[in-house]
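A quick write-up on the structure given underneath.
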Amino acid sequence: MLLRRLSQSLKEQNWTAISIEFVLLVAGVFLGIQVANWNEERADRLAYEAALGRLGAEIDINLASLDVFDAEIEPSLVTIGNALTVLQSCVDNEENRKIVEAGLEVLRGTDGLHPRRNALEEMTSNPRLLTQQTPAERQRFSDLLYYFDVLQQTADRSETRPHEFGMEYNPLLRVGAPYDYSSLYFGTEWIRTRRKLELATSLAGACRDNLLLKSFFNWERIQGNMPLISRKWRAELIATKKLIEERP
């Protein structure tokens with residue numbers, strides 16, 4: 001409508017009307033652009049708030065998984081430490097044999113850390129979200145992603161390396177009686193029949209086997225890194241959660 005009036009005024013050379021209608025046209029275009037920009041900025045802010053919510057929820061899940069991990073790794077480290085100490089003592093009695101064989105059961109597996117990172121990767125790679133971040137937020141999210149990469153590499157090595165020593169092939173060990181075994185695998189209960197791993201010789205003979213001693217030593221040394229990795233991961237997650245919660 002406005003364009004038609006402007007066209008008619010040009011034909012009639014009505015310069016006053018032309019000026020007014022031109023100003024109205026420019027103002028309308030300007031206001032339209034401003035409204036569009038405002039709507040886009042509002043949508044970006046809402047998208048960023050939603051992304052922060054996802055990141056906060058992901059952090060809570062990861063902190064809960066660290067709680068479970070810490071509760072599981074500490075008893076395993078104690079069991080292995082006790083078994084190694086008893087084995088080095090070469091004191092052969094039934095109680096010490098049970099301690100060593102409890103350690104053998106722990107040697108069969110390792111604990112790992114696999115925190116979730118989908119929301120964090122979205123926050124550090126999505127250009128729309130990056131433009132909404134303050135310098136402090138951008139730095140904190142970047143630091144958290146850096147530690148995720150570094151700590152995951154170390155955690156993966158600490159989880160897999162103890163298996164490289166193949167203690168099951170030690171001729172001083174034998175397969176024992178079956179028993180019912182259950183554990184949680186990513187929140188799913190796993191129940192099956194498992195067989196014990198036992199000493200096939202006296203404790204006095206086993207304590208002189210350097211390969212067996214090193215199996216305990218390497219497990220303790222390598223898996224012993226995991227509580228430190230867990231604490232560092234926890235500190236970085238908590239620092240990020242605090243920044244999110246303290247946003248104005």
| Can you tell me how many residues in region 45-98 are of a type in the set (Asp, Glu), in contact (Cβ under 8 Å) with a residue 60 or more places away in the chain and surrounded by fewer than 18 Cβ atoms within 10 Å (Cβ to Cβ)? | 4
| query | Among the residues of region 165-188, is any small (Gly, Ala, Ser), within 20 Å of Ala51 (Cβ to Cβ) and touching a Lys or Arg at 6+ places or on another chain (Cβ under 9 Å)? | reply | no
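Conditions tested, residue by residue: (1) over 23 Å from the mean Cα position of the chain (by Cα); (2) of a type in the set (Asp, Glu).
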{"residue": "Leu130", "(1), (2)": "no, no"}
{"residue": "Pro135", "(1), (2)": "yes, no"}
{"residue": "Gln139", "(1), (2)": "no, no"}
{"residue": "Ser142", "(1), (2)": "no, no"}
{"residue": "Leu145", "(1), (2)": "no, no"}
{"residue": "Phe148", "(1), (2)": "no, no"}
{"residue": "Gln152", "(1), (2)": "no, no"}
{"residue": "Glu159", "(1), (2)": "no, yes"}
{"residue": "Val175", "(1), (2)": "yes, no"}
| field | helices (runs of 4 or more DSSP H) enclosed by region 135-248 - at least 3 residues per element that are surrounded by fewer than 17 Cβ atoms within 10 Å (Cβ to Cβ) and out of contact with any helix residue (DSSP H, G or I) (no Cβ under 6 Å at 6 or more places or on another chain) | value | 135-160, 210-223, 226-245
| If a residue has to be under 20 Å from Ile238 (Cα atoms), open to solvent by 40 Å² or more (accessible area, probe 1.4 Å) and in a loop (DSSP other than H, G, I, E, B) to count, how many in region 100-124 make the cut? | 3
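The values are calculated or read from the model by the stated rules, or taken from the named source; none is laboratory data. What you see is a predicted model; the values in this text were computed from it and never measured. Backbone-built Cβ (ideal geometry, glycine too); neighbour counts: all protein chains shown. Just so you know, the surface numbers come from the protein's heavy atoms only, side chains and all, with ligands and any DNA or RNA stripped out. Shrake-Rupley method; radii C 1.70, N 1.55, O 1.52, S 1.80 Å.
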